Structures are given as structure tokens and as C-alpha cells.
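Note sheet for the following structure.
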Amino acid sequence: MLFPLIQQHSIHGIAQASAAEIDELNSHHATLLAMRRAFDNTPSPQRGEGWSEGALILVDGKFTPPNLPYPAQALVNGDSLSLPIAAASILAKVTRDRIMAELHHAHPQYGWIKNAGYGTAEHLNALQTHGITPHHRRSFAPVRALAA
């Protein structure tokens, strides 16, 4: 319900890292890459709005992406401490859920619409039965074991 309101009333960028990038970089570094991409995808605001001297980027977690053009502060549990981070979390999670729904329609046997990409028993059984898709992370232990 809040997703369209946040989109309409905020300057934001949305991005992701691919399964291959997660495999290559690891989950932590791929997350930082996706955060940087989200920043880079944020439209430049009109003069006098949005980014200004003294701007601070807030990040949910322990780490901030490197080489941001503004100072950044990481907040553990930031979505419960900061309204902008909570709003960003809603954008991220709804976007993730929509991606998982698209994957579910292409590959319903993996239950992505219910498990949001987490390794549930249903998903692990589907991996055994139906194999690996290009959307699976090869660094995920059950996928790595099947690929070997």
C-alpha cells in the first residue's frame, strides 16, 4: 500500500545485483554494489531540491558502499530507527517480492512466490527434482553441491 506513495513522494533509485555477481563478489560486496547502483539510479533533483551540500546518505546495516559522493552513515536496524531507511526498505522488499513473483511464474516448482528466494524445504526439494536455473546462486551450498 505504501509503495506507490513512497515512489510518488520521494527521490529514489532501485537496483539489484545478479546471481552471478553475488557468486563472484559474495553477498556482502554484491549488496554494497546494489546500494551504489541504487544511488546512481537516483534521479538528479532539480536545483534547490534533494541533494545539497551537507547531504548525508543513510544505509541500513553495518557498512556503506565505498566511494559515494556524499558522506554516508550505516545504521544497524536502520529501518526501525529512520523513516527514510524504512521507506527505502519498503521499496526494496516490494521490488524483491515482485521479482520473485515473476520468477515464480516462469518456474513455479521452486515456490519463489512464497519463499522470496530463501532455501525452504520446498525449494530445496525442487532443486533436487528440477535442477538449477540461471537464477540460482552457484555459491548457495545446495546449488553448489548439485552443480558439482
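Worth pointing out:
- Condition broken by Ala55, with the remaining ones in (1) at pLDDT below 95; (2) more than 20 Å from Thr42 (Cα to Cα) satisfied: (2)
Yes/no per residue for (1) under 30 Å from Arg36 (Cα atoms); (2) open to solvent by 70 Å² or more (accessible area, probe 1.4 Å); (3) more than 14 Å from the chain's Cα centre (by Cα); (4) in contact (Cβ under 8 Å) with a residue 60 or more places away in the chain:
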{"residue": "Val94", "(1), (2), (3), (4)": "yes, no, no, yes"}
{"residue": "Met100", "(1), (2), (3), (4)": "yes, no, no, no"}
{"residue": "His105", "(1), (2), (3), (4)": "yes, yes, yes, no"}
{"residue": "Thr120", "(1), (2), (3), (4)": "yes, no, yes, no"}
{"residue": "Thr129", "(1), (2), (3), (4)": "no, yes, yes, no"}
{"residue": "Pro134", "(1), (2), (3), (4)": "yes, yes, yes, yes"}
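- Checked against (1) at pLDDT 95 or above; (2) in contact with a strand residue (DSSP E or B) (Cβ under 7 Å, 6 or more places away or on another chain), Leu68 meets all criteria but (1).
- Per-region count, the stretch 72-86, residues in a strand (DSSP E or B) and open to solvent by less than 60 Å² (accessible area, probe 1.4 Å): 3
- The residues of the stretch 58-71 that are assigned to a strand (DSSP E or B) and within 13 Å of the chain's Cα centre (by Cα), listed by number, are Val59, Asp60.
- Some residue of the stretch 36-57 being assigned to a strand (DSSP E or B) and open to solvent by 70 Å² or more (accessible area, probe 1.4 Å): no
- Residue satisfying condition, being under 22 Å from Asn26 (Cβ atoms) and not aromatic (Phe, Trp, Tyr), within set Ile90, Ile113, Ile132: Ile132
The values are calculated or read from the model by the stated rules, or taken from the named source; none is laboratory data. This is a predicted model, so every value here is computed, not measured. Counting neighbours? That spans all protein chains shown, and the Cβs are built from the backbone with ideal geometry, glycine included. Please note that ligands, DNA and RNA were not included when accessible areas were found on the heavy atoms of the full protein model with its side chains. Shrake-Rupley method; radii C 1.70, N 1.55, O 1.52, S 1.80 Å.
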